[in-house]
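The values are calculated or read from the model by the stated rules, or taken from the named source; none is laboratory data. Owing to the predicted nature of the structure, the values given are computational and were not obtained by experimental measurement. So basically every Cβ, Gly included, is an ideal-geometry build from the backbone, and we count neighbours across all protein chains shown.
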Amino acid sequence: MKFAYDIHIHSGLSPCGDKDMTPNNIVNMAYLKELNIIAVTDHNSMLNILPVMEVANRRGILVVPGIEVTTKEEVHVLCYFPSIEDGMRFQDLIYDSLPNIKNREEIFGEQLLFDKEDNVIGKLDKLLLSSSEYSLEEIFMLVEKHNGVLVPAHVDKNSFSILSTLGFIPDNINVRTIEAYDLKRLKEMEKVLTLEKYMIIKNSDAHYLSDINEAFYYMDIDTLTAKTVIEYLKVGCDKK
């Protein structure tokens, strides 16, 4: 079966995310756009995942537990997990690995925590835009240890992507799926990447509600579960 997805969305917890990126607003926009699968992948934290999942359950939308981690090398990677328990154990390690730099809201923006009614129940003080102390290889191993899958984020972007930072995808991380921000740039990527080795997914990287994907991109999976999505991303190009 084919299910429409957008598995790179930021909530108001990401300081660069709009304040309107609340659990209900995100889920309802995904519902209006006829998406079946979403993931809220805030920077270095998963603390808004549970309220999003609660709201999405009422709409019949699958939320895959996810997070966008900034590695020591300043590479953005998307990490997805089959359960909230696996994801939260991983995010605790990531959050603890961030430097103790206080967020300056007037510069970076607020880092808002919501409940399932979209009430602001708190803020995170530690700056989430910092890099983890873990390297790309270490992040990959931690994700594997927690039953997840790592997907390099927006590989075609000129900043914070694995290609712009390292220039290649290292052989010591078994990546089968990569994310492209602009599919029109695939030809340019062929200069530094053997595209046939990877399945390419197209997410929105939405920081505003209007940016969330329309139902243009699909996963061909048997059942609508986070575990099935993880396996789909792990297999990668063999599922094309």
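Figures for the structure shown
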| quantity | calculated |
| --- | --- |
| Where Y198 falls short, out of the listed (1) crowded, with 18+ Cβ neighbours inside 10 Å; (2) closer than 25 Å to E73 by Cα; (3) in contact (Cβ under 8 Å) with a residue 40 or more places away in the chain | (3) |
| All positions within region 160-187 that are crowded, with 17+ Cβ neighbours inside 10 Å, under 22 Å from L129 (Cβ atoms) and among the aliphatic types (A, V, I, L, M) | I162, L163 |
| Set S132, S97: member being touching a helix residue (DSSP H, G or I) at 6+ places or on another chain (Cβ under 9 Å), modelled with pLDDT of 95 or more and of a type in the set (G, A, S) | S132 |
| Restricting region 211-235 to residues that are polar (S, T, N, Q) and not in a helix (DSSP H, G or I), the residue that is surrounded by the fewest Cβ atoms within 10 Å (Cβ to Cβ) | T223 |
| Qualifying residue in region 31-40 (condition: among the charged types (D, E, K, R), crowded, with 23+ Cβ neighbours inside 10 Å and part of a loop (DSSP other than H, G, I, E, B)) | no |
| Test: residue in region 137-150 that is exposed (fewer than 15 other Cβ atoms within 10 Å of the Cβ), at pLDDT 85 or above and closer than 18 Å to H10 by Cβ | no |
| Count of region 162-210 residues which are on the phi < 0 side of the Ramachandran plot and not in a helix (DSSP H, G or I) | 31 |
| Those residues of region 121-136 which are surrounded by fewer than 16 Cβ atoms within 10 Å (Cβ to Cβ) and out of contact with any Lys or Arg (no Cβ under 9 Å at 6 or more places or on another chain), in sequence order | I121, G122, K123 |
| Qualifying residue in region 43-56 (condition: polar (S, T, N, Q), on the phi > 0 side of the Ramachandran plot and touching a Phe, Trp or Tyr at 6+ places or on another chain (Cβ under 7 Å)) | yes |
| Checking C16 against (1) closer than 25 Å to S135 by Cβ; (2) outside any loop (DSSP other than H, G, I, E, B); (3) of a type outside the set (D, E, K, R), the condition it does not meet | (2) |
